[in-house]
Amino acid sequence: MIGGARQPWEYGPPPVPPSHQGCAIRSVRVQLPAQRGELRDRHEDGHHLHHLVWRLDPSLRVCSSAVLGGGIGPRAWILNAQVPGGYPRLDPDRHLAEIAAAEGLTGPGAGLMTAADVAAYTTGHDGGVTATVTTGLGVRGWAAAPESATHAPHRPGTVNIVVTLPTALSDAALVNAVATATEAKVQALLDAGLDCSGTPTDAACVAAPEPGPDGGEPFAGPRSAWGARIARAVHTAVLAGASTAR
(Lines give C-alpha, C1' and ligand atoms only; values in the text may rest on other atoms or scores of the structure.)
Protein backbone atom coordinates (compact mmCIF):
# COMPACT_ATOMS: atom_id res chain seq x y z
CA MET A 1 0.00 0.00 0.00
CA ILE A 2 1.17 3.53 -0.69
CA GLY A 3 1.60 6.29 1.82
CA GLY A 4 4.42 8.38 3.20
CA ALA A 5 2.82 10.03 6.23
CA ARG A 6 5.04 9.60 9.26
CA GLN A 7 3.66 8.67 12.62
CA PRO A 8 4.53 10.62 15.79
CA TRP A 9 6.30 7.55 17.18
CA GLU A 10 8.25 6.74 14.01
CA TYR A 11 11.65 7.71 15.41
CA GLY A 12 11.00 6.60 18.98
CA PRO A 13 10.16 3.29 20.63
CA PRO A 14 7.23 1.45 19.04
CA PRO A 15 3.96 1.50 20.97
CA VAL A 16 2.88 -1.46 23.04
CA PRO A 17 0.56 -3.25 20.60
CA PRO A 18 -3.06 -3.80 21.57
CA SER A 19 -4.49 -7.26 21.09
CA HIS A 20 -5.67 -7.62 17.50
CA GLN A 21 -9.43 -8.06 17.76
CA GLY A 22 -8.88 -10.41 20.72
CA CYS A 23 -6.41 -12.62 18.83
CA ALA A 24 -2.72 -12.36 19.67
CA ILE A 25 -0.33 -12.45 16.73
CA ARG A 26 1.83 -15.58 16.79
CA SER A 27 4.93 -15.72 14.63
CA VAL A 28 7.47 -18.45 13.97
CA ARG A 29 10.49 -18.54 11.68
CA VAL A 30 10.05 -20.42 8.42
CA GLN A 31 13.13 -19.53 6.41
CA LEU A 32 16.14 -17.21 6.44
CA PRO A 33 17.14 -16.51 2.84
CA ALA A 34 19.88 -13.87 3.38
CA GLN A 35 19.25 -10.58 1.55
CA ARG A 36 15.73 -11.68 0.62
CA GLY A 37 14.64 -11.28 4.23
CA GLU A 38 13.17 -13.73 6.71
CA LEU A 39 9.95 -15.47 5.70
CA ARG A 40 7.77 -15.62 8.80
CA ASP A 41 4.53 -17.37 9.64
CA ARG A 42 1.71 -16.08 11.86
CA HIS A 43 -1.89 -16.87 12.81
CA GLU A 44 -4.15 -13.85 13.08
CA ASP A 45 -7.92 -13.83 13.58
CA GLY A 46 -8.21 -17.36 12.24
CA HIS A 47 -6.07 -16.69 9.17
CA HIS A 48 -2.74 -18.36 8.38
CA LEU A 49 -0.57 -15.57 6.94
CA HIS A 50 3.03 -14.82 6.10
CA HIS A 51 5.31 -11.81 6.20
CA LEU A 52 8.86 -11.01 5.17
CA VAL A 53 11.19 -9.21 7.58
CA TRP A 54 14.51 -7.54 6.83
CA ARG A 55 16.55 -6.74 9.96
CA LEU A 56 18.80 -4.04 8.58
CA ASP A 57 22.35 -3.13 9.42
CA PRO A 58 22.54 0.22 11.26
CA SER A 59 24.54 1.68 8.38
CA LEU A 60 21.61 1.33 5.97
CA ARG A 61 18.96 3.86 5.07
CA VAL A 62 15.78 3.37 3.08
CA CYS A 63 13.81 5.32 0.50
CA SER A 64 10.25 4.06 0.56
CA SER A 65 6.64 4.73 -0.38
CA ALA A 66 5.52 2.36 2.40
CA VAL A 67 2.36 3.08 4.38
CA LEU A 68 4.44 2.87 7.59
CA GLY A 69 7.77 4.70 7.76
CA GLY A 70 7.75 6.02 4.20
CA GLY A 71 10.22 8.66 3.03
CA ILE A 72 14.02 8.71 3.21
CA GLY A 73 16.00 7.97 6.36
CA PRO A 74 17.59 5.35 8.57
CA ARG A 75 15.43 2.29 9.07
CA ALA A 76 16.17 -0.64 11.36
CA TRP A 77 13.85 -3.01 9.53
CA ILE A 78 11.50 -3.55 6.59
CA LEU A 79 8.29 -5.57 6.88
CA ASN A 80 6.15 -6.84 4.00
CA ALA A 81 3.01 -8.33 5.54
CA GLN A 82 0.26 -10.44 3.99
CA VAL A 83 -3.33 -9.62 5.00
CA PRO A 84 -6.56 -11.43 4.08
CA GLY A 85 -8.47 -10.56 0.93
CA GLY A 86 -11.22 -8.02 1.61
CA TYR A 87 -9.00 -6.43 4.26
CA PRO A 88 -11.39 -4.70 6.70
CA ARG A 89 -9.11 -2.47 8.75
CA LEU A 90 -8.72 1.28 8.16
CA ASP A 91 -5.48 1.62 10.13
CA PRO A 92 -2.86 -0.32 8.14
CA ASP A 93 0.01 1.63 9.70
CA ARG A 94 -1.09 0.62 13.20
CA HIS A 95 -1.64 -2.97 12.09
CA LEU A 96 1.89 -3.11 10.66
CA ALA A 97 3.24 -1.67 13.91
CA GLU A 98 1.47 -4.48 15.81
CA ILE A 99 3.08 -7.13 13.61
CA ALA A 100 6.49 -5.44 13.96
CA ALA A 101 6.17 -5.32 17.74
CA ALA A 102 5.21 -9.02 17.82
CA GLU A 103 8.44 -9.71 15.89
CA GLY A 104 10.47 -7.75 18.47
CA LEU A 105 11.40 -5.11 15.90
CA THR A 106 12.47 -1.82 17.45
CA GLY A 107 13.42 1.59 16.15
CA PRO A 108 12.20 3.17 12.93
CA GLY A 109 11.09 0.81 10.20
CA ALA A 110 9.21 0.63 6.90
CA GLY A 111 6.05 -1.48 6.58
CA LEU A 112 4.31 -2.64 3.41
CA MET A 113 1.10 -4.64 3.07
CA THR A 114 -0.38 -6.97 0.46
CA ALA A 115 -3.16 -9.50 -0.02
CA ALA A 116 -0.83 -11.55 -2.24
CA ASP A 117 0.66 -14.78 -0.92
CA VAL A 118 3.90 -13.51 0.61
CA ALA A 119 5.29 -17.06 0.74
CA ALA A 120 5.26 -16.98 -3.08
CA TYR A 121 7.76 -14.12 -3.20
CA THR A 122 10.19 -13.99 -6.13
CA THR A 123 13.72 -12.61 -6.33
CA GLY A 124 16.17 -11.19 -8.83
CA HIS A 125 19.91 -10.68 -8.41
CA ASP A 126 22.39 -8.64 -10.42
CA GLY A 127 25.87 -7.46 -9.49
CA GLY A 128 25.25 -7.26 -5.74
CA VAL A 129 21.66 -6.00 -6.03
CA THR A 130 18.83 -8.16 -4.69
CA ALA A 131 15.17 -7.46 -5.52
CA THR A 132 12.45 -9.27 -3.59
CA VAL A 133 8.91 -8.97 -4.93
CA THR A 134 5.44 -10.08 -3.85
CA THR A 135 3.01 -9.94 -6.74
CA GLY A 136 -0.73 -9.42 -6.37
CA LEU A 137 -2.44 -8.37 -9.59
CA GLY A 138 -6.14 -8.83 -8.90
CA VAL A 139 -6.79 -5.07 -9.05
CA ARG A 140 -4.38 -4.13 -11.81
CA GLY A 141 -4.77 -1.23 -14.22
CA TRP A 142 -3.03 1.77 -15.73
CA ALA A 143 -1.58 4.63 -13.68
CA ALA A 144 -3.18 7.32 -15.87
CA ALA A 145 -6.80 6.23 -15.47
CA PRO A 146 -10.02 8.24 -15.96
CA GLU A 147 -11.02 10.31 -12.93
CA SER A 148 -14.01 8.06 -12.22
CA ALA A 149 -11.66 5.12 -11.71
CA THR A 150 -9.66 6.94 -9.03
CA HIS A 151 -12.63 6.99 -6.63
CA ALA A 152 -13.03 3.21 -6.51
CA PRO A 153 -11.98 1.52 -3.25
CA HIS A 154 -8.50 0.03 -3.44
CA ARG A 155 -7.94 -3.42 -1.97
CA PRO A 156 -4.40 -4.31 -0.91
CA GLY A 157 -3.51 -6.57 -3.83
CA THR A 158 -0.24 -4.81 -4.66
CA VAL A 159 3.11 -5.43 -6.23
CA ASN A 160 5.57 -4.75 -3.40
CA ILE A 161 9.26 -4.36 -4.26
CA VAL A 162 12.16 -4.36 -1.80
CA VAL A 163 15.63 -3.69 -3.22
CA THR A 164 18.89 -4.00 -1.29
CA LEU A 165 22.28 -2.95 -2.62
CA PRO A 166 25.76 -2.65 -1.14
CA THR A 167 26.67 0.80 -2.44
CA ALA A 168 25.77 4.15 -0.90
CA LEU A 169 23.47 6.40 -2.92
CA SER A 170 22.90 10.14 -2.65
CA ASP A 171 19.40 11.38 -1.78
CA ALA A 172 18.68 12.08 -5.44
CA ALA A 173 19.99 8.67 -6.49
CA LEU A 174 17.82 6.95 -3.87
CA VAL A 175 14.73 8.61 -5.31
CA ASN A 176 15.98 7.77 -8.80
CA ALA A 177 16.40 4.13 -7.73
CA VAL A 178 12.72 3.90 -6.77
CA ALA A 179 11.79 5.37 -10.15
CA THR A 180 14.08 2.90 -11.92
CA ALA A 181 12.55 -0.01 -10.01
CA THR A 182 9.09 1.19 -11.01
CA GLU A 183 10.06 1.44 -14.68
CA ALA A 184 11.46 -2.09 -14.55
CA LYS A 185 8.25 -3.33 -12.89
CA VAL A 186 6.11 -1.92 -15.71
CA GLN A 187 8.44 -3.40 -18.33
CA ALA A 188 8.16 -6.82 -16.67
CA LEU A 189 4.36 -6.65 -16.49
CA LEU A 190 4.19 -5.87 -20.20
CA ASP A 191 6.72 -8.62 -20.97
CA ALA A 192 4.46 -11.00 -19.04
CA GLY A 193 1.63 -10.13 -21.45
CA LEU A 194 -0.36 -8.04 -18.97
CA ASP A 195 -2.19 -4.91 -20.06
CA CYS A 196 -1.37 -2.74 -17.03
CA SER A 197 1.26 -0.64 -15.28
CA GLY A 198 0.59 -2.13 -11.84
CA THR A 199 -2.03 -1.83 -9.11
CA PRO A 200 -3.29 1.29 -7.28
CA THR A 201 -1.46 0.33 -4.09
CA ASP A 202 2.00 -0.76 -5.30
CA ALA A 203 4.89 0.19 -3.03
CA ALA A 204 8.68 0.08 -3.16
CA CYS A 205 11.61 0.22 -0.75
CA VAL A 206 15.27 0.70 -1.66
CA ALA A 207 17.85 0.06 1.08
CA ALA A 208 21.45 1.22 0.65
CA PRO A 209 24.31 2.22 2.95
CA GLU A 210 24.52 5.75 4.34
CA PRO A 211 26.76 7.88 2.11
CA GLY A 212 30.09 9.01 3.48
CA PRO A 213 31.92 12.28 2.83
CA ASP A 214 31.85 11.61 -0.91
CA GLY A 215 28.04 11.81 -0.90
CA GLY A 216 27.47 8.37 -2.43
CA GLU A 217 26.71 7.42 -6.02
CA PRO A 218 25.01 10.40 -7.68
CA PHE A 219 22.93 8.47 -10.22
CA ALA A 220 20.64 5.42 -10.20
CA GLY A 221 18.81 5.82 -13.49
CA PRO A 222 18.50 2.74 -15.73
CA ARG A 223 21.66 3.57 -17.68
CA SER A 224 23.85 4.20 -14.64
CA ALA A 225 25.93 1.30 -13.31
CA TRP A 226 23.84 0.64 -10.19
CA GLY A 227 20.53 1.70 -11.70
CA ALA A 228 20.99 -0.83 -14.50
CA ARG A 229 21.57 -3.57 -11.93
CA ILE A 230 18.49 -2.50 -9.99
CA ALA A 231 16.42 -2.54 -13.19
CA ARG A 232 17.55 -6.02 -14.21
CA ALA A 233 17.05 -7.49 -10.72
CA VAL A 234 13.55 -5.99 -10.38
CA HIS A 235 12.59 -7.03 -13.90
CA THR A 236 13.63 -10.63 -13.19
CA ALA A 237 11.67 -10.77 -9.92
CA VAL A 238 8.52 -9.10 -11.21
CA LEU A 239 8.44 -11.12 -14.42
CA ALA A 240 8.69 -14.35 -12.42
CA GLY A 241 5.94 -13.22 -10.05
CA ALA A 242 3.63 -11.92 -12.78
CA SER A 243 3.97 -15.12 -14.77
CA THR A 244 2.48 -17.13 -11.89
CA ALA A 245 0.10 -14.58 -10.32
CA ARG A 246 -2.38 -14.27 -13.18
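Entry comment: accessible area of the range 128-246 is 43 Å² per residue, from protein heavy atoms only and a probe of 1.4 Å.
Toward the positive end of the charge dipole of the range 119-246, with +1 on the Cβ of Lys and Arg and -1 on the Cβ of Asp and Glu, the farthest Cα among Gly241, Gln187, Cys205 is that of Gly241.
Label separation (Asp45 vs Ile72): 3.6 nm, computed from points 7 Å beyond Cα along the C-beta direction.
Here each label is just a point 7 Å from Cα along the line to Cβ, and for Thr106 and Glu210 those points are 1.8 nm apart. Descending by average beta-carbon neighbour count within 10 Å, the peptides 129-137, 51-59 line up as 129-137, 51-59, the highest first. Overall shape: oblate for the range 50-129, with the ratio a/c of the largest to smallest alpha carbon gyration tensor axis at 1.5 or above and b/c at least equal to a/b. The stretch between Trp142 and Leu90, if pulled fully straight at 0.36 nm per residue, gains 16.3 nm over its current Cα-Cα span. Ligands, DNA and RNA left out, the 1.4 Å accessible surface of the range 157-246 is 56% carbon and sulfur atoms.
The values are calculated or read from the model by the stated rules, or taken from the named source; none is laboratory data. Remember, predicted model here, so these are calculated numbers, not experimental data. Using ideal geometry, Cβ is built from the backbone for each residue, glycine included, and neighbour counts are taken over all protein chains shown. For accessibility, only protein heavy atoms count, side chains too; no ligands or nucleic acids. Shrake-Rupley method; radii C 1.70, N 1.55, O 1.52, S 1.80 Å.
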